Amino acid sequence: MSKTARILLVEDDATFRSLLAAILDDEGYELVEREDGKAALKTLQRQSFDLVLSDLRLPGLNGLELFRRAQAEGIAPPFVLLTAFGTVEEAVAAMKEGVADFLTKPLKDPATLRLLVRRILAVSMQERSLQVLQERDTAGLPPDEVLFAGQAMQQVRTLIADVAPTQATVLISGESGTGKELAARMIHRASPRRDAPFVALNCAAIPETLLESELFGHEKGAFTGATQARQGKFELASGGTLFLDEIGELPLALQSKFLRVLQERVFERVGGNRELRADVRIIAATNRDLEEEVRVRRFREDLYYRLHVFPIHLPALRDRRDGLPVLVRYLLRRAAIQTGREVQDIEPQALAAVAEYGWPGNIRELQNVIERAVILCKGQVTLLDLPDGVRQVTASGVIPKSNGGLRDRERNDILDALATCGNNRRLAAEKLGISKRTLQYRLKEYGLIES
């Protein structure tokens, strides 16, 4: 279900206003009506809208002046001006200042209004999505069978399916790199807010002095360098989902302000004095033990319980080893596409090493290792394409360390194995934990046999 667009209708002619309201109401829009420009400006200062439909000629503050004031204060959604035939030139001039479009009255065909509003709302949504995308790369989600691979992830899958259709606040916990943001995106994708923005903010990545402005936005002149008003994440995510990663890093001074948003669903920009509505769903994530943070008074207890409505814990990668083959092969395919390499598969010995390794960096570390292996491999990922720390945990074919660079170590490993096995390549390959074909590749690569 898409978010219902909110439209501010400003028209001093009560009869014409009722006609416009009836047409828009039939389209399912949420309407707020005002009779003059000053009242409309006060409404814009208190609430957010997706579109303003305003008469050009209004008492007190005309439509163009209303647009200019709203634009200067950073609260202007797309504007459509209603104009009589005698003021069309003024309306055209207004479009040069940023007004989205104009509509002449009297209105001859209701379809004209319907189509105009649909078009402008569609364009506005596209522009808004681009603005969000510029701030963060929203890569596509992997298939469900990859994201939930392994028995340990089945409960997570059930919890996501249960909570996604609701408006409940979700707290996702787990070690760094376990895929907390992916889980949050899954919840958003399966929710009624799926067509509205998903906006993410890492609370640990923003300096404390800038974090409040990132969350709530700021008014022009709020601080040195604030040359214009700016929307924060709460406004950018309006109608959608706001994902706050590393919520445990939120400074105590900001925790009370954030708690107010959760409780009252309103906030103020930095340097502002008007309340804005927070129409967002909150999903927070942490790799900290928030209960311990509460105990040592680094995290507010009341905020913790506000966030802890629906907890989901993501298991570490070492606790879902049965899902590794599916995840590894997905990452292989993706890395091959991204690097333009042709990769057939991963050898069983290499997959065994991957399965036995502890993965302290979880999925993020696995992704980096696989990408490196794809770049190094000659058509098939082998043990020798894996970093030392990964390949040395395999039970068979432990490759000893030696001094020098990676290529020198691999060359020496091969020479040692051949010497131990009396130059029998099949036995040497078994000792190294690789196939005889891969050994042949490496012998040619290091100039140990003629090409």
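Looking for whichever is touching a Gly at 6+ places or on another chain (Cβ under 9 Å) and in contact (Cβ under 8 Å) with a residue 40 or more places away in the chain here; the options are R189, R185, R194, R230. Which one fits?
When all the criteria are applied, what remains is R230.
Could you list all residues from region 28-40 that are over 16 Å from R6 (Cβ atoms) and part of a helix (DSSP H, G or I)?
Within region 28-40, G37, K38, A39 qualify.
Given (1) loosely packed, with under 15 Cβ neighbours inside 10 Å; (2) in a loop (DSSP other than H, G, I, E, B), identify the lone condition not met by A93.
(2)
Can you give me the number of residues within region 294-309 that are surrounded by 13 or more Cβ atoms within 10 Å (Cβ to Cβ) and in a loop (DSSP other than H, G, I, E, B)?
5
Name the residues in region 28-55 that are among the hydrophobic types (A, V, I, L, M, F, W, C), open to solvent by 30 Å² or more (accessible area, probe 1.4 Å) and touching a helix residue (DSSP H, G or I) at 6+ places or on another chain (Cβ under 7 Å), would you?
Selection gives L31 alone.
Of the residues G271, G323, which is in contact with a His (Cβ under 7 Å, 6 or more places away or on another chain) and over 12 Å from L215 (Cβ atoms)?
Answer to the selection: G271.
Do we find a residue being of a type in the set (F, W, Y) and within 29 Å of R230 (Cα to Cα) anywhere in region 53-71?
yes
Considering region 236-259 alone, what residues qualify as being in contact with a strand residue (DSSP E or B) (Cβ under 7 Å, 6 or more places away or on another chain) and of a type outside the set (V, I, T)?
Answer for region 236-259, where residues must be in contact with a strand residue (DSSP E or B) (Cβ under 7 Å, 6 or more places away or on another chain) and of a type outside the set (V, I, T): L236, A237, G240, L242, F243, L244, D245, E246, G248.
Suppose we keep only residues that are among the basic types (K, R) and over 18 Å from Q380 (Cβ atoms) within region 310-365. Which one would you say is most open to solvent (accessible area, probe 1.4 Å)?
Step by step, filter region 310-365, then rank; the result is R364.
Which condition number does L58 fail, the rest of (1) open to solvent by 30 Å² or more (accessible area, probe 1.4 Å); (2) in a loop (DSSP other than H, G, I, E, B); (3) at pLDDT 90 or above being met?
L58 satisfies all of (1) open to solvent by 30 Å² or more (accessible area, probe 1.4 Å); (2) in a loop (DSSP other than H, G, I, E, B); (3) at pLDDT 90 or above except (1).
Got a number for residues in region 230-258 being within 17 Å of V280 (Cα to Cα), open to solvent by 10 Å² or more (accessible area, probe 1.4 Å) and either in contact with an Asp or Glu (Cβ under 8 Å, 6 or more places away or on another chain) or not in a helix (DSSP H, G or I) (or both)?
Residues flagged as within 17 Å of V280 (Cα to Cα), open to solvent by 10 Å² or more (accessible area, probe 1.4 Å) and either in contact with an Asp or Glu (Cβ under 8 Å, 6 or more places away or on another chain) or not in a helix (DSSP H, G or I) (or both) within region 230-258 amount to 5.
I want to confirm something. Restricting to region 63-85 and keeping residues that are closer than 21 Å to V123 by Cα and among the β-branched types (V, I, T), which single residue is surrounded by the most Cβ atoms within 10 Å (Cβ to Cβ)?
So the residue we want is I75.
Filter region 148-204 down to residues that are closer than 20 Å to D279 by Cα, part of a loop (DSSP other than H, G, I, E, B) and among the charged types (D, E, K, R), then give me how many there are.
Number of matching residues: 3.
List, please: which pairs have Cβ atoms under 6 Å, are six or more places apart or on different chains, and start with a residue in region 256-271 that is over 20 Å from F223 (Cβ atoms) and end with one that is at pLDDT 90 or above and of a type in the set (K, R)?
Short answer, once both residue conditions are applied: L262/R306.
With respect to D25, determine if the residue is acidic (D, E) and either open to solvent by less than 50 Å² (accessible area, probe 1.4 Å) or in a helix (DSSP H, G or I) (or both).
yes
Has region 96-112 got any residue that is part of a helix (DSSP H, G or I), open to solvent by 20 Å² or more (accessible area, probe 1.4 Å) and of a type in the set (S, T, Y)?
So far as region 96-112 goes, yes, one or more of its residues are part of a helix (DSSP H, G or I), open to solvent by 20 Å² or more (accessible area, probe 1.4 Å) and of a type in the set (S, T, Y).
Name the single residue that is least open to solvent (accessible area, probe 1.4 Å) among those in region 190-229 being among the small types (G, A, S) and closer than 20 Å to H308 by Cα.
Among those that are among the small types (G, A, S) and closer than 20 Å to H308 by Cα, it is S191.
For region 7-16, state whether one or more residues are in a loop (DSSP other than H, G, I, E, B), in contact (Cβ under 8 Å) with a residue 60 or more places away in the chain and under 34 Å from the mean Cα position of the chain (by Cα).
no
Can you name the residue in region 45-55 that is of a type outside the set (S, T, N, Q) and in a loop (DSSP other than H, G, I, E, B) and, of all such residues, is farthest from V123 (Cα to Cα)?
F49
Please determine whether any residue of region 64-73 is outside any helix (DSSP H, G or I) and either under 39 Å from the mean Cα position of the chain (by Cα) or closer than 22 Å to G28 by Cα (or both).
Yes: one or more hits.
The values are calculated or read from the model by the stated rules, or taken from the named source; none is laboratory data. Being a predicted model, the structure only gives us computed values, none of them experimental. Note: ideal-geometry Cβ built from the backbone for every residue, glycine included; neighbour counts use all protein chains shown. In case anyone asks, the SASA skips ligands and DNA or RNA and just uses the protein heavy atoms, side chains included. Shrake-Rupley method; radii C 1.70, N 1.55, O 1.52, S 1.80 Å.
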